[in-house]
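Structure first, commentary second.
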Amino acid sequence: MKADVLILGGGGAGCSAALHLAQRGARVILLERGLVGSQASGVNHGGVRQQGRHPAEIPLALRSRQMWSRMRDICGTDSEFEACGHLKLARNEAEEAELLRWNAKAAEYGLRPRMIGGNAIRTEVPAFSDRVVAGSLLEEDGAANPRLLAPALARVAREAGATILERHAVTGMARQGDDFALEANGETFIAPILLNTAGYWGGRVAATFGEPVPIESLNPNMLVTEPLPAICPHNLGVVGGDVYLRQISRGNVIFGGGRGESDASIPVSRPLPAPAFNAMARAIEILPVLRDAMVIRSWTGIDGGMPDALPVMGPSRTTPGLIHAFGFSGQGFMLGPAVGAVLAELVLDGRSDTSLDGLGIERFAGHAAPAEDPWKTRLE
Ligand SMILES: Cc1cc2nc3c(=O)[nH]c(=O)nc-3n(C[C@H](O)[C@H](O)[C@H](O)COP(=O)(O)OP(=O)(O)OC[C@H]3O[C@@H](n4cnc5c(N)ncnc54)[C@H](O)[C@@H]3O)c2cc1C
């Protein structure tokens, strides 16, 4: 099968790219090993947060946040997006100084987080303990239901003409002249452009084309409580990130902290008890009302974690036609819509107005190649 663009991986990034390319008339084939959105994009915390991001990511985050407001027009569902605000908490003076430092930086990008002092914050959220000394609230941040986004983007991409093939694990790839040839389910898929949106597994794709990167499997440990009376209307984070919480409209509190474990070659992941208990303790420290809450489920997922916690995004430095967008380091659900829009611009216009400075793969030049041919590893 031939196309203009092959997309390897059907998470939020790949599905959004398929949609934006197909809407502009490109012939697109997306190959997904499982179901679209079945990996990190479908199991994450659902945070739609600009607050606290590294400056290199802020342009993408700003663009994505604009798209979240239009999500129903973009893909037929708002994915339960709610701009409930993200309140990042400080538990000591050093953390408060960190909030102020980021807020000053954010102002350069037009973001206006509101600092709330120790007294005012307990007026705003009476459930906070004395451990909370200050907070920074970015009111336009929010949360969405991660189960809904990638399937909705894929559905609209199909309607726009994209070929989205689920249960198609790419088990090999090669250059064929100026084209890429991907093998999946015994078929060969050919196109001159390849988008590497394979999440954690994107590291293997990059290594195949002579660009190994120090990626690790990142498995945020998640929990959810039984439904509880209203506690706090905002998403909560803390400086340092050892716990984060949000209460959905049904009353359940979804929270996380620490890491689970995974075997990305199968791929499966599972939460671990020690980080789960630690996250519960950290949550109770700031919200004592959670002391008697029943945790009803725990889970994790597999994302690509980079050493600098920034994604790899932009053209390959070794292979014309290959464009990377992977390694979102636990923060890529919010970015997915804009990532796809920018990828489509890079393919069709050769450029994007959204800055990718600091995200290119060249920052890992010199990283040693893995000893084994990455495609000898089982990829299904
Ligand atoms: C538990 C958890 C909590 C998180 N919380 C948040 C949060 O609150 N906010 C936020 O913004 N981000 C969060 N993240 C991060 C976010 O989920 C990810 O960064 C983002 O979803 C990555 O999207 P992606 O499209 O790059 O990758 P993925 O969603 O992993 O998609 C990549 C796809 O590629 C496919 N693939 C891989 N190899 C092959 C192959 N050989 N053949 C075919 N297909 C292949 C995979 O099956 C997968 O579906 C969290 C992540 C986790 C795991």
Practice problem: Neighbouring Cβ atoms within 10 Å as the yardstick, rank PHE328, PHE333, PHE81 fewest first. | Solution: PHE81, PHE333, PHE328
Quiz prompt | Percent antiparallel among DSSP beta bridges (both partners in the chain, rounded to 5) | solution = 70 percent
Quiz item: For the chain, what class follows from the C-alpha gyration tensor (a ≥ b ≥ c being the square roots of its eigenvalues): rounded when a/c is under 1.5, otherwise prolate if a/b is larger than b/c, else oblate?
Solution: prolate
Quiz item: Once both labels are modelled 7 Å past Cα along the beta-carbon direction, what's the GLN66-ARG167 spacing in nm?
Solution: 4.1 nm
Quiz item: Relative to the present Cα-Cα distance, how much length would full extension add between HIS367 and ASN185 at 0.36 nm per residue of separation?
Solution: 62.3 nm
Quiz item: Roughly speaking, what is the centre-to-centre gap between the range 68-108 and the range 163-188 when only Cα atoms are used, to the nearest Å?
Solution: 38 Å
Self-check item: Signed unit charges on C-beta, dipole axis of the chain, positive-most listed residue HIS324, PHE81, ALA365
Solution: PHE81
Quiz item: Exposure proxy check: TRP68, TRP102, TRP299 ranked by fewest other beta carbons within 10 Å?
Solution: TRP299, TRP102, TRP68
Practice problem: Only residues of the range 291-312 count here: report those whose backbone N is under 19 Å from the spot 7 Å along Cα→Cβ of SER265, or say none. | Solution: 302-305
Quiz item: By how many nm would the segment from ALA274 to ASP130 grow when fully extended, if each residue of separation counts as 0.36 nm and the alpha-carbon distance is taken off?
Solution: 49.3 nm
Quiz item: How big is the gap, in Å, between the Cα center of the range 119-151 and the Cα center of the range 9-40?
Solution: 31 Å
Quiz item: Hull surface divided by four, with the convex hull built on the Cα atoms of the range 1-105: how many nm²?
Solution: 8.8 nm²
Quiz item: Which percent, nearest 5, of DSSP beta bridges in the range 1-155 are antiparallel?
Solution: 75 percent
Practice problem: Any chance you could run the full-extension gain for ARG175 through MET294? It's 0.36 nm times the residue separation minus the Cα-Cα distance, nm to one decimal. | Solution: 37.5 nm
Quiz item: What is the distance, in nm, between label points placed 7 Å from the Cα along the Cα-to-Cβ direction at ARG112 and at ARG24?
Solution: 3.3 nm
Quiz item: Quick one: Karplus J couplings for the range 309-324, per residue in order, coefficients 6.51, -1.76, 1.60, θ = phi - 60°, nearest Hz, x for Gly and Pro?
Solution: 6, 10, x, 9, 9, x, x, 4, 9, 10, 9, x, x, 9, 10, 9
Exercise. Kindly express, to the nearest 10 degrees and within the range 0 to 90, the angle between helix 273-286's C-alpha long axis and the longest C-alpha principal axis of the chain.
Key: 40 degrees
Practice problem: Using just the helices of the chain, give the 222 nm mean residue ellipticity in deg cm²/dmol: DSSP H runs with n ≥ 4 each add -39,500 (n - 2.57), and the total is spread over all residues, rounded to 500. | Solution: -8000 deg cm²/dmol
Quiz item: To the nearest 0.05, how large is the calculated FRET efficiency for ASP353 and ALA104 if R₀ is 30 Å and r is the Cβ-Cβ distance?
Solution: 0.75
Self-check item: Whole-Hz couplings from phi, Karplus 6.51/-1.76/1.60, listed for the range 357-367; x for Gly and Pro
Solution: 4, x, 9, x, 5, 4, 5, 10, 4, x, 5
Practice problem: Using the number of other C-beta atoms within 10 angstrom as an exposure proxy, rank ILE121, ILE284 with the fewest first. | Solution: ILE284, ILE121
Practice problem: With a point put 7 Å past each Cα toward its Cβ, work out how far ASP73 is from ARG317 in nm, to one decimal. | Solution: 3.9 nm
Exercise. Please turn the phi angles of the range 83-95 into ³J(HN,Hα) values with the Karplus equation 6.51 cos²θ - 1.76 cosθ + 1.60 (θ = phi - 60°), one per residue in order, whole Hz, x for glycine and proline.
Key: 7, 8, x, 10, 9, 9, 9, 10, 10, 6, 5, 4, 5
Self-check item: Check: the range 1-133 dipole with +1 on Lys, Arg Cβ and -1 on Asp, Glu Cβ, in debye
Solution: 340 debye
Quiz item: Hey, got the dipole for the chain? About the Cα centre, +1 on K and R Cβ, -1 on D and E Cβ, debye to the nearest 20?
Solution: 440 debye
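Each reported figure results from applying straightforward, stated rules to the coordinates on display, with no laboratory input. Here the structure is a predicted model, which is why all the values come from computation and not from measurement. Positions of Cβ are generated from backbone atoms using ideal geometry, with glycine treated the same way; all protein chains shown enter the neighbour counts.
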